[in-house]
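Undergrad: Here it is: the structure, laid out below.
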Amino acid sequence: MTDMIAGLAALTRMESPRRDAAFAHFQARFKNDALVLDKWMGLQAGSCLPGTAAAVRELMHSPVFDIKNPNRVRSLVGAFAGNHLRFHAADGSGYALVGRVIATLDKINPQVAARMAGAFEAWRRYDPTRRELMRGELVALTKLDGLSANLFEVATKMLE
């Protein structure tokens, strides 16, 4: 399995039908091992390829992902938030994706939502366009209906 993970890690940077086949094969082989599938999702979320945000959204609708499971959220959305190239896409799509997940998650698990909001913590360090997009996501989070105390505290402190 370790060798297969290493191979998948190399394939995350390549657009190829073989890449898709390798990821599908790995999923089929380890479909009953949730921890291994967490790694599988994380590899895909960390890809530098242009369609990574779309792949993350697709994985979020797959039977493998469960937003009520903090490990699934961290392995997929957390890994995407750590993908500097795709999370920080100039159009703000990465920020919007993570912001929507945090908003949804806040109603399910406020502690995990607050922790995921840490993806926006360094918003002041980016260029003006990205800074405003990230700040906008934080502001939107503070205005959620039924906002948890956890997320409120984290988001407002980041905005101070």
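The values are calculated or read from the model by the stated rules, or taken from the named source; none is laboratory data. Computed from a predicted structure; not experimentally measured. Positions of Cβ are backbone-derived with ideal geometry, glycine not excepted, and every protein chain shown enters the neighbour counts. Calculation scope for accessible area: heavy atoms of the full protein, side chains included, ligands and nucleic acids excluded. Shrake-Rupley method; radii C 1.70, N 1.55, O 1.52, S 1.80 Å.
Undergrad: What is the sum of charges, Lys and Arg at +1 and Asp and Glu at -1, for the other residues whose Cβ falls under 15 Å from the Cβ of ASN71?
TA: Values: positive: LYS39, LYS68, ARG72, ARG74, ARG115; negative: ASP33, ASP38, ASP66.
So the environment of ASN71 carries a net charge of +2.
Undergrad: If you average over every viewing direction, what projected area does the convex hull of the Cα atoms of region 18-160 give, in nm²?
TA: Taking the Cα atoms of region 18-160, their convex hull projects to 8.3 nm² on average.
Undergrad: Per residue, how large is the accessible surface of the chain? Use a 1.4 angstrom probe and give square angstrom.
TA: Averaged over the residues of the chain, the accessible area is 54 Å².
Undergrad: Here's another thing I want to ask about it. Using Cα positions and a limit of under 20 Å, work out the aspartates and glutamates in reach of LYS31, with same-chain residues fewer than 8 apart set aside.
TA: Answer for LYS31, where 20 Å is the Cα cut-off: ASP3, ASP20, GLU58, ASP66, listed by chain and number.
Undergrad: To continue, here is another question. On a straight-distance basis, which lysines could pair with LYS157 in a cross-link, Cα separation under 22 angstrom, same-chain partners fewer than 8 positions away excluded?
TA: Correct list for LYS157: LYS107, LYS143.
Undergrad: Highest first, please rank the peptides 90-103, 23-36 by the mean number of other Cβ atoms sitting within 10 Å of their residues.
TA: Listed from highest to lowest mean packing, they are 90-103, 23-36.
Undergrad: In a shell of Cβ-Cβ distance under 15 Å around ASP127, excluding ASP127 itself, what net charge do Lys and Arg (+1) and Asp and Glu (-1) give?
TA: +3
Undergrad: Could you tell me what percent of the accessible area of the chain is made up of carbon and sulfur, with a 1.4 Å probe and every protein chain present? Spell out each step's value before the answer.
TA: Numbers: 4660 of 8660 Å².
Percent of accessible area from carbon and sulfur atoms in the chain: 54.
Undergrad: Treating only the Cα positions of region 6-59 as identical point scatterers, give the base-10 log of I(q)/I(0) from the Debye formula at each q in 0.15, 0.20, 0.21, 0.22 Å⁻¹.
TA: So the normalised log intensities work out to -0.37, -0.67, -0.74, -0.82.
Undergrad: To continue, here is another question. In the neighborhood of CYS48, defined by Cβ-to-Cβ distances under 9 Å, what is the net charge if each Lys or Arg adds +1 and each Asp or Glu adds -1?
TA: With Lys, Arg at +1 and Asp, Glu at -1, the neighbours total +2.
Undergrad: When the chain is treated as a GNM, springs tying every alpha-carbon pair under 10 Å, which of SER47, SER148, SER62 comes out with the largest mean-square fluctuation?
TA: SER62
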